[in-house]
Structures are given as C-alpha cells and as structure tokens.
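Notes for the one structure printed next.
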Amino acid sequence: MADVREFDLVVLGGGSGGYSCAFRATQLGLSVALIEEAQLGGTCLHRGCIPTKALLHSAEVADVTRDAAKFGIEAELVGVNMPAVLRYKDAVIGRLHKGLEGLAKARRVELVRASGSVLDAQTVRAGGVDYRGRHLVLATGSFARGLPGIETSDRVITSDQALSLDYVPNRAIVLGGGVIGVEFASIWRSLGAEVRIVEALPRLIPAEDEACSRALERAFRKRGISTTTGAQVTAVRQSDAEVVVELANGHSLTGDVLLVAVGRGPRTSGIGLESLGVTLNRGFVVVDAHLQTSVPGVFAVGDIVPGLQLAHRSFAQGIYVAEHIAGLNPAPLDEDGIPRVTYSDPEVASVGLTELRAAERFDADQIETYEYNLGGNGKSQILGTAGFVKLVRRKGGPVVGVHLVGQRMGELIGEGQLIVNWEAEPMDVAHLIHAHPSQAEALGEAHLALAGKPLHVHD
C-alpha cells in the first residue's frame, strides 16, 4: 500500500499555471504539493517562450550587425556560431530555472519530482506516494502537434527539436503560419536561411486582425521570406539529402529542414482523467467560469483549457484558482483582455477584439477604426521600423481593440491592455502625455486622431 501524504492542494504540473497556483496558494496559508515529472517552469521556460525569444534576440543582433552601416557603424557579420547561440539560450533558461527552484523552496511548496497519475478527485500518485488534497489542480500543459502521415526525423522536426538545432539550415520550410511558425521563420531568415512558409488558411497569423496579417506578409516579402497561403500539403518525402513538400496545387518545395508548426495539443491522455469522469472536448478539459472541471473540487489551468495557449494566461489562471479555493472571490478572467504578442520581425501585438470580431459582436455600423502609421513616429524612424497602431472602437464608446505592428511593439501592449480592460474612450488616452521621442507616442497620436483632434497626420 502506497504512503499517503495530506495537503490542502495538490497541483499536477509545474509550468506557468501550476507553479503560479502553488506559489499563490502557499501565500494564502494553504499547504501545497506540486508534482512535476520534468523541470519546474514547463513548456514556457524550457521549450517555448523563453528559448524562442532568446533565439530571436540573437537573430536581432545578427540583423543589426548586418545593417550596421545604415547607422554609421563599421561592422561586419562574419558568421553565426549556433552552438554558442544555444549556450547563450541555455544560460538564460538556467538562470531563470534556478530562480524558480529557489522560489519554490522559499514558498514552502512540496516539490515532487515524479510523473503523476490521478487516482480520484483528491489523489495523485507519484513516485509510489499518494498525494491527497482537498482540491486538485490539473496543469499538465501541452505538446507540439504533428500531422498524420508526416513522420519526424532529423529533417522533419517540431519546435522542440528546432530549439536545439545546432546549425542554420540553408533552406527551411515552415509548415504553419501561426505564432510558432512565423517566429521560427523570422529567426532562421535573420540567421541567413532561405525560408518558405506554407499555411493552410488564407493568411498568416489568422487569429490576429487582418490588417496585421497583411502588414506581416508585406514585411516578410521585403525580408525575402516567401509565403504560400491557402495551401494544403498532400505529401512529404525525405531523404538523407533533402525534404520535399508536395502541395495540392501541384507545386512542390524542397528544403534541408521542414518545421511542422501546426500548434500545440493538450497533455491530458494517460493521466487518469477518463476514469475520473472529467469532461474532455478534443482532448481539452472543459471548465466553468471558475476553471472547475465537471468533477467538483478538480480544477484545470493553462494549455489544457480551451482558449489562448499563452504562458501569461496560464499564470493568471493559476493565481485565480488559488484565490478562488482560498475564498477570496477573485474577478473572473476576461479572455478578450489578455494581450497577445508574436515576436517576429516585425512584432505583432494585440489585445481585445479584431475589427471583424467587433463587427460581429456589436454590428459593423457601430464600429469605428483608425490606423496611425509609424512613419510619423520619431523613435520608430530612428529604429528604422515600419508598421502601425490600429484602434477598434465602439462609436461614441470605449476602445475595444488595440493592434500594433512594428519593432518592439510587444513592449507597448501593456498600455494597450490597460486601455481595453479599463474601457477607456479615445479622449481618456488623448489627455495623457507620452514621453518624446518614444514609440508609445504612436498610441497617443492614434487616440488623439480617434478623439477628433489629430496632430501629426493630415486632416
């Protein structure tokens, strides 16, 4: 018979949603067992957000070096040392991982380093021990999806393998034009690869506003990244020398590497959820407004819950569940108010409703939009970036969507989320003073224009 240990809360999974739930719960006086079979930090820290952004920064340094003469600096890009790039990436991950481990210890979280399986609504068995809690939180994360009939290999890879690739492919094919696909396409192009993207839907980053998709596609063409949209893959053939992708339109693409970037699936199979009676939908855990599953006392957070698969969403959900269990009555999370960033070059950042979704929700004649081109923004001209700020507003009412394209736009979306979540009207923001010269001024200028008093644009 297995040993039994009792806690207020048992959390299965130590990614962004799991560890945030555990840390917040101990702050609130609850005893917590956090069960993680791999490394604390999960996909975000080890196979997602942090490693990809480290590679993107190395890619940015390569671009800046290559273009240094434009800024009056004599420099030359001699080459890309991918093993050194990977060491830099791994060092960043290592420092953050060490910090998380220290926080877990400081928060008095019982960290269990073992694979766990759910026995009932209160018990997870891990490492031969039964961890029982008054509440159970599922936070098992996601995996890189594949496609039927396409086998992975040294040449056909997922994003997990791409993060450890110790060379820059000469010719890379990216299957999937969502966030993961365009970020890796941007990385490889900056590092010197010829890149082609194949997307089954009509445009890149299809979840974003259509204007953002068009701007990204234009920027990618200018950078030499070719894009084929509305294209179905019919076959993939690979040899020791190359990989060939056959398309339904009769065309074929040949490359050294094929990245399959068709999204991430929920890690919910094989952990006991079926026998527990938790309702699933295509593998995702169905939850209510409090993130409780169909089984009382069992909650789910993060990538296994339908919706945006974003680390900061998972983080917020983990905190919410801990506070709900502790009886603090936290405000439910608004999915529309969660900021989204694609960290390609240029970056695409957004929060709130796209123009299309706003028109569907409020009727098209009740929607007003405005685009402010970064060509009129001094700091953007200094950086040499192009793009825009697009606002979506209910006529006579608040701004319901902020959409940004350009370098460093991810750093502006923080103000954008305040505008949308606080239901600010254009004049509310127009009254604010933005530092000069800064890219944040573009947000101010866009709101000035939407408030009826444009300054740095033609009337």
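At a glance:
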read-out: Net charge over other residues, Cβ less than 14 angstrom from the Cβ of R196 (K, R count +1; D, E count -1); value: -2
read-out: Unmatched cysteines, the chain - criterion: no other Cβ of a Cys under 4.7 angstrom; value: C21, C212
read-out: The stretch 247-292: projected area of the alpha-carbon convex hull, averaged over directions, in nm²; value: 6.2
read-out: Rg and Dmax [Cα atoms of the stretch 278-431; Å; Rg one decimal, Dmax integer]; value: 18.0, 56
read-out: Helical segments meeting 18 Å axial Cα length and Kyte-Doolittle 0.0 threshold in the chain (DSSP H); value: 49-66, 82-106, 311-325
read-out: Ratio Rg/Rh [Cα only; Rh per Kirkwood] for the stretch 85-195; value: 1.09
read-out: Gyration tensor (Cα) of the stretch 317-407, equivalent ellipsoid semi-axes in angstrom; value: 30, 21, 10
read-out: Scattering curve values for the stretch 346-450, log₁₀ I(q)/I(0), Debye with Cα scatterers, q = 0.14, 0.18, 0.24 Å⁻¹; value: -0.47, -0.77, -1.31
read-out: Under 15 Å, Cβ to Cβ, from A126 - net charge with Lys/Arg +1 and Asp/Glu -1; value: -3
read-out: Local electrostatic count at I205 - Lys and Arg +1, Asp and Glu -1, tallied over other residues with Cβ under 12 Å; value: -4
read-out: Dimensionless Rg/Rh of the chain - Kirkwood Rh, Rg from C-alpha atoms; value: 0.99
read-out: Protection proxy ranking, peptides 154-167, 172-185, average beta carbon neighbours within 10 Å, highest first; value: 172-185, 154-167
read-out: At most 14 other Cβ within 10 Å, DSSP loop - trypsin sites (Lys or Arg not before Pro), the stretch 242-306; value: R282
read-out: Chymotrypsin sites (Phe, Trp or Tyr not before Pro) restricted to DSSP loop in the stretch 298-327 with at most 14 other C-beta within 10 Å; value: none
read-out: Viscosity 0.692 mPa s, temperature 37 °C, Stokes-Einstein D of the stretch 156-262 from Kirkwood C-alpha radius, µm²/s; value: 239
read-out: Lysine pair number, Cα distance threshold 17 Å (strictly under), the chain, separation 8 or more or different chains; value: 6
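Each value in this text was obtained by applying a stated rule to the coordinates, not by laboratory testing. In this text the structure is predicted, and so the values were computed from the model without any measurement. Backbone-built Cβ (ideal geometry, glycine too); neighbour counts: all protein chains shown.
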